[in-house]
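What follows is a single structure, written as structure tokens, with notes after it.
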Amino acid sequence: MRPTTKSQAGVSRRTVLKGAAAAIAGFPAIVSAQPVTLRYLGTAVNQSKEIAQKVKADLGLVIEYIPVTTDEVAKRIITQPNSFDVVDAEYFQLRKLIPSGNLLGMDARRIKYADKITPVFTRGQVAGKTIGDQGTAPKKVFYLEGPTSTKFAAAPTPWITLIPTVYNADTLGIRPDLIKRPIGSWAELLNSEFKGKASILNIPSIGIMDAAMVVESLGAHKYRDKGNMTKAELDLTIKTLIEAKKAGQFRAFWKDFNESVNLMASGEVVIQSMWSPAVTKVRSMGVPCIYQPLKEGYRAWAAGFGLPKTLTGKKLDAGYEFINWFLSGWAGAFLNRQGYYSAVLETARANMEPYEWAYWMEGKPAEKDIKAPDGTLLEKAGTVRDGGSYEARMGAVACWNAVMDENDYMVRKWNEFIAA
Amino acid sequence: MERIHRRLSRLIAPAAAPYWQVAPLAGVLAVFFLLPLAITVVVSFWRYTEYSMIPALVGDNYASVFAGCLAELPGLCVTFKTYLSTLKFCVLVWLVTLVLGFTLAYFLAFHVRSLTWQTVLFLLCTIPFWTSNVIRMISWVPLLGRNGLVNTALVASGAVPAPLEWLLFSDFAVVLAFVHLYTMFMIVPIFNSMSRIDRALLEASRDAGASAWQTVWNVVGPLSKPGLVIGSIFVVTLVMGDYVTIGVMGGQQIASVGKIIQVELSYLQFPLAAANAVVLLGAVLAIICSMTRLVDLRREL
């Protein structure tokens, strides 16, 4: 491996020279003492400076982030599988990623906390209760039939597709100060009371699921699987959206995190699909915003680490080492404090203050002020997390982000909706 | 030795010189423009699945682009509707930037005498490009939004009873943002044409008894034609291919061809996106061809 200037930041010129000299003289022992660099492909949201620094301190591994969008992650895995060493991808993408044969079935025996990974992933359960599995629920794509297989296994095997990093349950965000009444159902998104003040996200595969939650709660149709609609179901869902659009229900659609924050904070929109950190951002601007739990449940998503099949030797070892470190608690606590959920709850708990755990995970009123990892104030003492505890939120999941069999048709229908 | 020298000198002889001079640019264009373009056209005939592209020679992608276009007549299919909407923006933006660009260039070329002031005023015109696209787009919200500056002022002055909704996330907002950005692309070529006009012609026109308007219409206008056409080509191609401005200012509610291609790319439907891109390229080329028909650029330059 040729050391790049970027990955070698923090290594003095002398060490590099020493390494080079050793390489010439043929002393492999010293060469191997050089830090291994892992190129980490993923979305910027999960690529914190703090995590890279902590990994450097704990393991001596250099993490080189490659921040791209979710779609770009999939594109890279399929078209340039040699351009990264570790990838943070979403579970719903696996249905198109695994058939490409570019990802490794990870050996569960080399993952120290494999048995401790929350049953949300392995069995689709929270606290012993089975949760909604419509769409690409992680349990459907968690195991492979073999390390180089391109088929998902129905029963647990020692070959894992992705080791979970973060996951969460998404719902609608609302402006309680402008709506001035309780909101309890997805159907409210198309309530004419909010005409010209509603928004939905313009990412077809996610937007269609939110739309399906609305259609179902309006009583218009009961889907067999919202994450895998038939053509007729897609027609119906898009028809409902087009009617609402023509009636002027929507103020705008959004595609990017900051757009959703902007729409909500400026009051252009009072009810919309939203992501948890965006709600936190609006609130930290001093604008009231609630991540509203709804009676039909949440739309969940999950992301995890995968390794490319081409990874071998020292890099492969480093990949496993990094993933094991990630599950060992520090990173989990770091993510939990941002409102996400982590894969191994017990190790994360050991790395959090009891009052933090009580607020984020148990849904109890905050004993003290709740702060973000960077020290900014998120919530004042006494606040309760929207949606309550881990069990209440993850337990109420209705469906998961998905890739449908009729994906092409879905994208075409969505374009029709935007053009309407 | 002598022979090599002779051969070399023949290679760099005056006759061969122009070819050497264009070679670097031609090479860059071939590798980074013609080759990708050819690949795009080839791929547009391939088949694809979620995770792979299969070399083939099928028209499926084009059929998919124009799916339902015949069946839905006299209604419009998605592709026609999208092109119609994009064309509408093209015409509106073109008209506004043409009038604005011509007026501003006229002012800069004929009324501003000192070179310093011309430079300063030109720099002023580039202000829209001083910030990033995203920041510029986001700043429109506090200005044009429901609770924005313009609406607050209008409501406070009693001009309107309630905030105007159509200021933002509307056709109006899209045209406004385009004009704000692309007028510059009109000003520069028109100014360039105008600065080449012999001032004696203007005097002759005045001496012959023409009014100021007649001079602009019959002398300055025709002589600025190359600039007008070049500026128009800039504006039309930029608007046809844009999806960021339409997306942000239209609140993502207005379709554009670029957006459709982007969505297809993000779902790894490369051959379908390639087919759409080829259709778009054809449409833009057709527009440019008809514009250059109006003015023989080569002769004018």
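Within region B:266-297, can you find the residues that are farther than 20 Å from B:PHE80 by Cα and at the interface with chain A (Cβ under 10 Å from one of its Cβ atoms)? B:SER266, B:TYR267, B:LEU268, B:GLN269, B:PHE270, listed by residue number.
Taken over region B:147-197, the residue count meeting the criterion of being farther than 24 Å from A:MET264 by Cα, of a type in the set (S, T, N, Q) and touching a helix residue (DSSP H, G or I) at 6+ places or on another chain (Cβ under 8 Å) is 4.
For region A:60-79, the candidate set comprises residues that are more than 14 Å from chain B (Cβ to nearest Cβ) and touching a strand residue (DSSP E or B) at 6+ places or on another chain (Cβ under 8 Å); within that set, the residue that is farthest from A:VAL45 (Cα to Cα) is A:LEU61. Where helices (runs of 4 or more DSSP H) fall wholly inside region B:98-195, the ranges with 1 or more residues that are touching a residue at least 60 places away in the same chain (Cβ under 8 Å) are B:115-125, B:133-144, B:171-195. Going by the conditions given, is A:ASN401 within 14 Å of chain B (Cβ to nearest Cβ) and under 29 Å from A:LYS49 (Cβ atoms)? Judged against the criteria, A:ASN401 is a match. Within region A:267-284, the set of residues being touching a Phe, Trp or Tyr at 6+ places or on another chain (Cβ under 8 Å), within 21 Å of A:ASN191 (Cβ to Cβ) and either within 9 Å of chain B (Cβ to nearest Cβ) or in a helix (DSSP H, G or I) (or both) comprises A:GLU268, A:VAL279.
Test A:GLY207 against the stated conditions and say whether it is part of a helix (DSSP H, G or I), of a type outside the set (A, V, I, L, M) and in contact with a Leu (Cβ under 7 Å, 6 or more places away or on another chain). Yes.
Screening A:THR118, A:THR130 for residues that are without any contact (Cβ under 8 Å) to a residue 40 or more places away in the chain and among the β-branched types (Val, Ile, Thr) leaves exactly one candidate, A:THR130. A:VAL287 meets all of the listed conditions (1) within 14 Å of chain B (Cβ to nearest Cβ); (2) crowded, with 24+ Cβ neighbours inside 10 Å; (3) not in a helix (DSSP H, G or I) but one, namely (2). Against the definition (within 25 Å of the chain's Cα centre (by Cα), over 23 Å from A:ALA392 (Cβ atoms), in contact (Cβ under 8 Å) with a residue 60 or more places away in the chain and within 14 Å of another protein chain (Cβ to nearest Cβ)), how does A:MET264 come out, yes or no? Yes. Among residues of region B:243-258 that are within 10 Å of chain A (Cβ to nearest Cβ), those with a beta-carbon under 8 Å from a residue that is among the basic types (Lys, Arg) at least six positions away or on a different chain give the pairs B:GLY247/A:LYS255; B:GLY247/B:LYS259; B:GLY251/A:ARG251; B:GLN252/A:LYS255; B:GLN253/A:LYS245; B:ALA255/B:LYS81. In the set A:GLU353, A:GLU346, A:GLU367, A:GLU362, which member is farther than 24 Å from A:VAL279 by Cα and either touching a Pro at 6+ places or on another chain (Cβ under 6 Å) or surrounded by fewer than 19 Cβ atoms within 10 Å (Cβ to Cβ) (or both)? None of the others qualify; the one that does is A:GLU346. For the criterion of being more than 15 Å from B:ILE254 (Cα to Cα) and surrounded by 23 or more Cβ atoms within 10 Å (Cβ to Cβ), A:SER199 fails.
All of the numbers you see were taken from the coordinates with simple rules; none came from a lab. On a predicted model such as this, the values are computed, not experimentally measured, just so you know. Cβ coordinates were reconstructed from backbone atoms using ideal geometry, including for glycine residues, and neighbour counts include every protein chain displayed.
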